[in-house]
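Take a look at the structure below.
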């Protein structure tokens, strides 16, 4: 059921990732790899993945201007990803949360950002990203 | 039957006297009798028989002082009453009276001299026990209410519907530091948090139909701290109280609400962990699938990894997601894979007590699972002469302390084709995942006589010595 959509025609939501540069922030290696692979399969170029706020901020600082969007896990070991979200916002880079947290557990200042529940459905993620670029 | 001959009035009875006589006779609520100057009964109506229990035939000609209680008689009350009636024209009082059978009743009485004072007195007594007791009971009930209201931890108040208070218990004043005078009417609302005032007022809507007022709001303590209170009020029983007032209590639920909030946080955390775990399972499944040549390969590999994940989750659950003892983690994995090799000389497990942060436990558990699976299939645990030693030590000389663990297999005849496909997932986990997510330094070698793997994982300062929260 998934396959036809991944090989989607140009202009479809999934096809919308082609050539886009995406930052992935996720501390769990296996999940990060899985996400990276999925996004690459949809034609995106992945920056990272970064497993900590520090690493992510470094990538944003170095590469921020060339990022099209970011996918952020909220809980990174003992820290929260919000400083990265702030840095992206300051550069006008849209982002999507990929998290196990309910929207209720997210501070109100970030609650308006789109949110993908884990385990992430890559097509849903692609649609959310496409909507951000249109918006 | 009996009633007495009224005081002699001559042979003719005037209509007025007859009316009087009939009135006296027919009166059932008023005991009416006459006595001589020294208290002997000279007439005794039906009501007197009923109220006092003495028949006219028993009492006429005898002292009627028997209707006084023993104490009153001893105190000379009957004579005092007669003296007062003589002096002032009437002696009225309320007191306990005694019946023939010894029981008592509360009666109001009035003694007045007869028209001819030498004839003695007329006395009228009415049984007021019921009225007296109701009043007494009300006073007692009120006293009990005050006692209860002032001795329970709740703040108690009386209010009209709408919130105008008429009374607040001393606890209210103690808590808020507001006097009763400041608090009555709507003065008490000054102690309610301004944000909660609308809810405090709105809770009266429909309260009368429901018969209950209920609100949760913050109330300012004397020291300025606001604490959450649960306030309830109910109408006072209209049968015994016609003021239309309600009585209410305010209970401090501040700590309870704190617990509720913490519970919500825990629930969010649990959701997060569950979803994260599902994502881990998903990634293990898809990577195992990617590295399996057939579904027949996939099944046991995937199941083995799920079991390892589940063992670590079990340890985490037991430690309440706090640190995990490294030795326990290793032994649980080895026992799951082995035939009791631990302690038989085939496997050496050695190292100090190390508290592994919960956050690192899952990846470590999975890594050990990969090493052990490999050893059981191709390495030290598959071959009779093979030996496995797992030795670790704390390295606290670094900027951040870490535990360095060495997995060393020896006397193993390595398979000619090398470790094969398995290398894929296990190698990626150890060489890439551990450094990525645990900031671990790792090395993995397939040496001449067996596998050698070193994993150095950061631990918290002091974490090596004992567990801490």
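Could you check, for the stretch A:47-56, whether at least one of its residues is in contact with a strand residue (DSSP E or B) (Cβ under 6 Å, 6 or more places away or on another chain) and part of a helix (DSSP H, G or I)?
Within the stretch A:47-56, the first condition is being in contact with a strand residue (DSSP E or B) (Cβ under 6 Å, 6 or more places away or on another chain), and the residues that meet it are A:47-50, A:52-53, A:56.
When the remaining residues are screened for being part of a helix (DSSP H, G or I), the result is A:53, A:56.
Among the residues of the stretch A:47-56, at least one is in contact with a strand residue (DSSP E or B) (Cβ under 6 Å, 6 or more places away or on another chain) and part of a helix (DSSP H, G or I), which makes the answer yes.
Only one of the listed residues (A:55, A:78, A:27) is closer than 19 Å to residue B:438 by Cα, surrounded by 18 or more Cβ atoms within 10 Å (Cβ to Cβ) and within 14 Å of chain B (Cβ to nearest Cβ). That residue is A:27. Scanning the stretch A:89-109 for residues that are buried (at least 18 other Cβ atoms within 10 Å of the Cβ), in contact with a helix residue (DSSP H, G or I) (Cβ under 6 Å, 6 or more places away or on another chain) and away from chain B (no Cβ under 14 Å) turns up A:94, A:95, A:96.
Does the stretch B:288-305 hold any residues that are outside any helix (DSSP H, G or I) and surrounded by 14 or more Cβ atoms within 10 Å (Cβ to Cβ), and which are they?
Within the stretch B:288-305, the first condition is being outside any helix (DSSP H, G or I), and the residues that meet it are B:291-294.
Of everything in the stretch B:288-305, those that are outside any helix (DSSP H, G or I) and surrounded by 14 or more Cβ atoms within 10 Å (Cβ to Cβ) turn out to be B:291, B:292.
Please work out if residue B:146 is without any contact (Cβ under 8 Å) to a residue 24 or more places away in the chain, closer than 30 Å to residue B:174 by Cα and surrounded by 12 or more Cβ atoms within 10 Å (Cβ to Cβ). So residue B:146 passes the test. For the stretch A:58-71, give me each residue that is away from chain B (no Cβ under 14 Å), in contact (Cβ under 8 Å) with a residue 40 or more places away in the chain and crowded, with 16+ Cβ neighbours inside 10 Å. Correct list: A:67, A:68, A:69, A:70.
If you check residue B:375 against the conditions, is it modelled with pLDDT of 85 or more, outside any loop (DSSP other than H, G, I, E, B) and farther than 25 Å from residue B:445 by Cβ?
Numbers: modelled with pLDDT of 85 or more: yes; outside any loop (DSSP other than H, G, I, E, B): yes; farther than 25 Å from residue B:445 by Cβ: no.
No: the conditions fail for residue B:375.
Take the stretch B:403-426 and flag every residue that is modelled with pLDDT under 90, closer than 30 Å to residue A:24 by Cα and touching a strand residue (DSSP E or B) at 6+ places or on another chain (Cβ under 9 Å). Once the filter is applied, which keeps residues that are modelled with pLDDT under 90, closer than 30 Å to residue A:24 by Cα and touching a strand residue (DSSP E or B) at 6+ places or on another chain (Cβ under 9 Å), the stretch B:403-426 yields B:423, B:426.
Just one of A:84, A:71 is under 30 Å from residue B:439 (Cβ atoms) and outside any helix (DSSP H, G or I); which is it? Walk me through it before giving the result.
Numbers: A:84 fails: outside any helix (DSSP H, G or I).
Checking each option against the conditions leaves just A:71.
Selection of the stretch B:342-372 for residues being part of a helix (DSSP H, G or I) and within 14 Å of another protein chain (Cβ to nearest Cβ) yields B:358, B:359, B:360, B:361, B:362, B:363, B:364, B:365, B:366, B:367, B:369, B:370.
The values are calculated or read from the model by the stated rules, or taken from the named source; none is laboratory data. Bear in mind the structure is a predicted one, so any value in this text is a computation, not a measurement. Here the Cβ is made from the backbone with ideal geometry for all residues, glycine too, and neighbour counts use every protein chain on show.
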